[in-house]
Amino acid sequence: MSLKTALLAGACALLPSLAIAEMMVDDPYARAAGAMARSGAAFMQITNTGDADDRLVAAASDVAERVELHTHIMDGDVMRMVEVEEGFAVTAGETIALERGGMHVMFLGLTRVLEQGDEIEVTLTFEEAGEMTVTIPVDNERMPAETGHGMQHGHGHDG
Ligand SMILES: [Cu+2]
């Protein structure tokens, strides 16, 4: 792992045959519930376009005192959100959806109001692909995706 990390950091461009994880982020947005909100969340699709399995292990942003990776679990009849210490697996060639009611990037202790139309920066850390900073628009008006691949008909979250 340390050798591979060193290679990725230093010379992956020179070693095209090395198995690498490359991440693409689609359709990101962030939201907070109102101007008084102490917390918020970010949602997006993450695709591993490389040929090595990878894992989102951390996220960071200056908009919050703490940024965690969360998901929702059913606790009896109640849906609860919990931190996922081990992060979210993103298998080679797969796309994972961070969405309402599922996996998300959690902002705890907002340092500023997330206004509609603002842009925030979030740095995602992947085990193999390393750090990636994403600019994410704030969209407090966006409705949860309830049809299609939503939770109701979903295939579960394998994160
Ligand atoms: Cu959360």
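The values are calculated or read from the model by the stated rules, or taken from the named source; none is laboratory data. This is a predicted model, so every value here is computed, not measured. Using ideal geometry, Cβ is built from the backbone for each residue, glycine included, and neighbour counts are taken over all protein chains shown.
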Number of positions in segment 76-92 that are at pLDDT below 95 and within 16 Å of the ligand (Cβ to nearest atom): 4
Do we find a residue being touching a residue at least 12 places away in the same chain (Cβ under 8 Å), more than 15 Å from the ligand (Cβ to nearest atom) and under 30 Å from A19 (Cβ atoms) anywhere in segment 110-123? yes
Qualifying positions in segment 65-109 - over 16 Å from P144 (Cβ atoms) and without any contact (Cβ under 8 Å) to a residue 24 or more places away in the chain: I73, M74, D75, G76, D77, V78, R80, V82, E83, E85
Specify the residue that is farthest from the ligand (Cβ to nearest atom); the eligible residues are those in segment 30-62 that are more than 25 Å from A145 (Cα to Cα) and part of a loop (DSSP other than H, G, I, E, B). D51
